[in-house]
Amino acid sequence: MGRKIGFCERLARDQRGNALTLVTAGLFPVLAAIGGGVDLTRAYMAEARLSQTCDAAALAGRKVMRETANDSGLGTTTYDIDQAGYQEIAKFISYNFPDGTFDTEPVQMTDDIAADGELQLSLATEVPTTIGRIVGVDSIPISVDCAAKRSGVNVDVVVVADVTGSMGNSLDNSSCTDDCRIDELRGAVHSFLGVMDELRDQVAVGGQRVRVGFVPYNTVVNIGRALQAEELATGYDYIDTDAVYYADGEDTNYYGESCFFYCESGWISTGTELGEVTLDLSEFVDSVADKGFNPLMPGFVDDNPYEWRGCVEMRQTVTDVPGSEDWVQADAYDINGLAPDGVSVPGWQPYFVLPRGSSRYGQPTSSQVDYTLAANDIWNFSLDAIRTDRVPYVRSTSWLGIQTGINGSNVSNSSYQNNRLGSRGPNEGCPDPVIPLGEWTQANLSDPEGGDGYLQTLQVGGNTYHDVGMYWAAEMLSEGRPFDNLDNFNGLAINKYIVFMTDGTLQPSTGNYTAWGIEDKPTSQSNHTRTSGNAKTEHRERFKLLCGIAKAQSIEIYTIAFSTGIASADKKALRSCASSDEHYKEADEAGELEAAFTSIAQNIGYLRVSQ
């Protein structure tokens with residue numbers, strides 16, 4: 001009789017159910033591995049988010065850091081952050097990584113400031129585990145380090161602003177008297193300049209500078225007096241005063257029987273000749289040579305509507321605009337930016353609206369000339385205010401000492417616009433002058449309380465030509481003539497920016513006078529014929545080409561679409577013009593334009609993540 005086998009021995013010998021036992025035993029490490037993967041994935045995601053938060057907080061903290069020059073003669077600067085600065089850092093941490101993100105513990109921060117002003121931050125927290133706690137791992141600690149410092153470069157930035165007629169409308173494109181789009185622009189640029197002032201104060205400690213320029217545009221840009229100033233410095237003739245224009249219209253008499261005292265037959269001397277005419281505009285242009293070229297000085301914008309305001313035509317171009325910035329035709333001078341040399345490269349000719357058809361020059365308005373008015377009296381013009389001898393086809397005595405008419409009611413400007421852009425004359429449609437690059441402050445350019453600052457007096461009117469605005473912005477920032485910019489200041493590089501804002505779709509009109517002359521007339525400045533159908537395409541392609549050329553010169557471009565009514569093709573062009581998707585902004589509601597400008601200003605120039 002065999003030996004009786006005990007339970008344990010039988011269990012050891014019995015192979016039934018072995019697989020189940022092994023699977024059960026192996027289940028725990030498998031679950032631990034899977035759970036660990038889930039927990040680690042959450043930890044990695046939290047760490048990435050925390051790293052982004054650290055960068056944002058470091059940039060914000062470095063921006064508000066206080067810098068104090070040391071007077072001990074050691075040439076050093078001390079840096080510190082006050083309580084308000086730490087609150088700003090905490091705000092960025094709270095916004096980007098709110099308490100409880102990924103169920104984490106509250107973020108702990110430590111900071112340090114290096115001798116060169118670099119702000120160094122460390123953020124730490126713990127991510128609770130889901131499966132890991134089964135094996136006794138309740139949380140995974142994560143931490144990140146980051147730093148931000150001043151980039152040590154100079155800044156040149158040009159703001160390009162659409163001042164076409166639609167900017168005088170409300171956001172919904174209806175008529176308005178206040179809170180119009182132009183008012184939104186004024187407030188937005190005012191805030192932008194405030195941030196630039198803060199930037200200027202901070203970089204000045206290290207010997208850097210911040211310069212700002214401003215380019216208002218519609219169908220043309222008022223750059224001429226800045227060019228004239230450069231002529232004095234370089235000796236080159238940038239303005240061609242012996243230029244060709246196109247005399248349009250079937251009737252060269254631009255006065256009518258119903259127009260009272262300003263209908264002097266001696267005003268016109270062109271006879272019946274139509275087509276190209278060559279004009280000597282030296283008196284027209286040089287009459288303002290002694291006015292100075294600082295647009296912020298009194299008298300820069302002369303009161304005389306018959307003196308040159310400063311707009312110029314674009315130079316001759318070509319019929320077909322290339323689709324790539326890699327190649328530009330040599331004679332496309334409205335794209336290639338070659339400076340006039342007095343030999344083969346032409347200068348810019350003055351923008352001059354000829355009288356055409358029955359469209360006579362208009363009566364000066366009260367905002368354009370100093371006068372006294374009484375019934376049965378005369379207009380008492382200042383001889384310096386109205387110099388019609390400066391204008392071709394206008395005789396010198398036409399405006400002087402002329403009786404008003406039978407009664408004083410004839411003397412009225414009610415039928416004429418007090419808008420410089422709309423008043424009929426040789427400068428019709430010419431916007432306000434550009435602000436050349438300079439260390440202009442918010443106080444220099446904006447006076448929202450008094451209402452008489454440069455921004456507050458901007459006029460609106462005309463159609464939309466994005467390419468003319470982009471051309472002159474890039475030209476103002478480019479090295480070499482005509483503006484002779486350098487690639488460094490005090491031995492440090494210059495970061496260059498364009499901020500381009502528009503509320504409208506391209507609106508070229510081939511039959512009207514613009515920076516390209518009258519585009520469907522074969523003059524030397526507009527040497528090709530086009531239809532209204534392809535004019536828009538060519539101007540859009542030219543705009544995109546100019547954007548590419550500017551970016552190739554290391555100019556960083558921000559674009560802002562300030563309207564829901566901008567055509568999709570133009571929005572696409574604005575988006576492609578921007579240096580990246582983050583450089584493209586849309587502003588459709590009140591306040592969004594100011595937010596866009598402020599956001600752009602805060603990302604310009606002096607801060608970078610250094611770790």
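The values are calculated or read from the model by the stated rules, or taken from the named source; none is laboratory data. On a predicted model such as this, the values are computed, not experimentally measured, just so you know. Every residue, glycine among them, receives a Cβ derived from its backbone with ideal geometry; neighbour counts consider all protein chains shown.
Looking at the range 169-212 only, could you name the residues that are under 17 Å from Tyr454 (Cα atoms) and part of a strand (DSSP E or B)? Within the range 169-212, Arg211, Val212 qualify. Does Ser166 qualify as being modelled with pLDDT of 90 or more, of a type in the set (Gly, Ala, Ser) and outside any strand (DSSP E or B)? The answer is yes for Ser166.
Here's the yes/no breakdown for (1) aromatic (Phe, Trp, Tyr); (2) within 26 Å of Glu313 (Cβ to Cβ):
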residue	(1), (2)
Thr441	no, no
Glu449	no, no
Gly453	no, no
Gly462	no, yes
Tyr465	yes, yes
Val468	no, yes
Tyr471	yes, yes
Met476	no, yes
Glu479	no, yes
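Checking the structure you have, find out if any residue of the range 132-142 is touching a residue at least 40 places away in the same chain (Cβ under 8 Å), under 30 Å from Lys63 (Cα atoms) and touching a helix residue (DSSP H, G or I) at 6+ places or on another chain (Cβ under 8 Å). Yes, the range 132-142 contains at least one residue that is touching a residue at least 40 places away in the same chain (Cβ under 8 Å), under 30 Å from Lys63 (Cα atoms) and touching a helix residue (DSSP H, G or I) at 6+ places or on another chain (Cβ under 8 Å). In this entry, Tyr79 passes the filter for residues that are surrounded by 15 or more Cβ atoms within 10 Å (Cβ to Cβ) and closer than 23 Å to Arg200 by Cα.
Applying the criterion of being β-branched (Val, Ile, Thr) and under 28 Å from Ile131 (Cα atoms) to the residues of the range 34-66, the residue that is modelled with the lowest pLDDT is Ile34.
Between Gly462, Gly469, Gly453, Gly480, which is of a type outside the set (Ser, Thr, Tyr) and modelled with pLDDT under 85? Can you show your working first?
Working: Gly462 fails: modelled with pLDDT under 85; Gly469 fails: modelled with pLDDT under 85; Gly453 fails: modelled with pLDDT under 85.
So the residue among Gly462, Gly469, Gly453, Gly480 that is of a type outside the set (Ser, Thr, Tyr) and modelled with pLDDT under 85 is Gly480.
Checked against (1) at pLDDT 85 or above; (2) more than 22 Å from Ala596 (Cα to Cα), Arg225 passes all but condition (1). Give the range 549-562 a look and list any residue that's outside any loop (DSSP other than H, G, I, E, B) and either farther than 12 Å from Ser580 by Cα or modelled with pLDDT under 90 (or both), or say none. Passing the criteria: Ile549, Ala550, Ala552, Ile555, Ile560, Ala561. For the range 521-538, the condition of being out of contact with any Gly (no Cβ under 8 Å at 6 or more places or on another chain), modelled with pLDDT of 90 or more, farther than 30 Å from Asp116 by Cβ and not β-branched (Val, Ile, Thr) holds for none of the residues.
For every residue, the table says whether it meets (1) at pLDDT below 90; (2) within 42 Å of the chain's Cα centre (by Cα); (3) outside any strand (DSSP E or B).
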{"site": "Asp116", "(1), (2), (3)": "yes, yes, yes"}
{"site": "Gln120", "(1), (2), (3)": "no, yes, no"}
{"site": "Arg133", "(1), (2), (3)": "yes, no, yes"}
{"site": "Val159", "(1), (2), (3)": "no, yes, no"}
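Among the residues of the range 199-226, those that are more than 16 Å from Asp432 (Cβ to Cβ) and touching a residue at least 40 places away in the same chain (Cβ under 8 Å) comprise Leu199, Arg200, Gln202, Val203, Val205, Gly206, Gly207, Gln208, Arg209, Val210, Arg211. One residue is enough: does the range 137-149 have a residue meeting the conditions surrounded by 15 or more Cβ atoms within 10 Å (Cβ to Cβ), basic (Lys, Arg) and over 28 Å from Thr41 (Cβ atoms)? Yes, because at least one residue in the range 137-149 is surrounded by 15 or more Cβ atoms within 10 Å (Cβ to Cβ), basic (Lys, Arg) and over 28 Å from Thr41 (Cβ atoms).
In the condition set (1) among the basic types (Lys, Arg); (2) under 27 Å from Arg540 (Cβ atoms); (3) at pLDDT below 85, Lys571 is compliant with all but (3). For the range 213-232, does any single residue satisfy the condition of being of a type outside the set (A, V, I, L, M, F, W, C), surrounded by fewer than 23 Cβ atoms within 10 Å (Cβ to Cβ), out of contact with any Gly (no Cβ under 9 Å at 6 or more places or on another chain) and part of a helix (DSSP H, G or I)? Checking the range 213-232: at least one residue is of a type outside the set (A, V, I, L, M, F, W, C), surrounded by fewer than 23 Cβ atoms within 10 Å (Cβ to Cβ), out of contact with any Gly (no Cβ under 9 Å at 6 or more places or on another chain) and part of a helix (DSSP H, G or I).
If I filter the range 587-611 down to residues being in a loop (DSSP other than H, G, I, E, B) and either in contact with a strand residue (DSSP E or B) (Cβ under 7 Å, 6 or more places away or on another chain) or modelled with pLDDT of 90 or more (or both), which single residue comes out as farthest from Tyr497 (Cα to Cα)? Result: Gln611.
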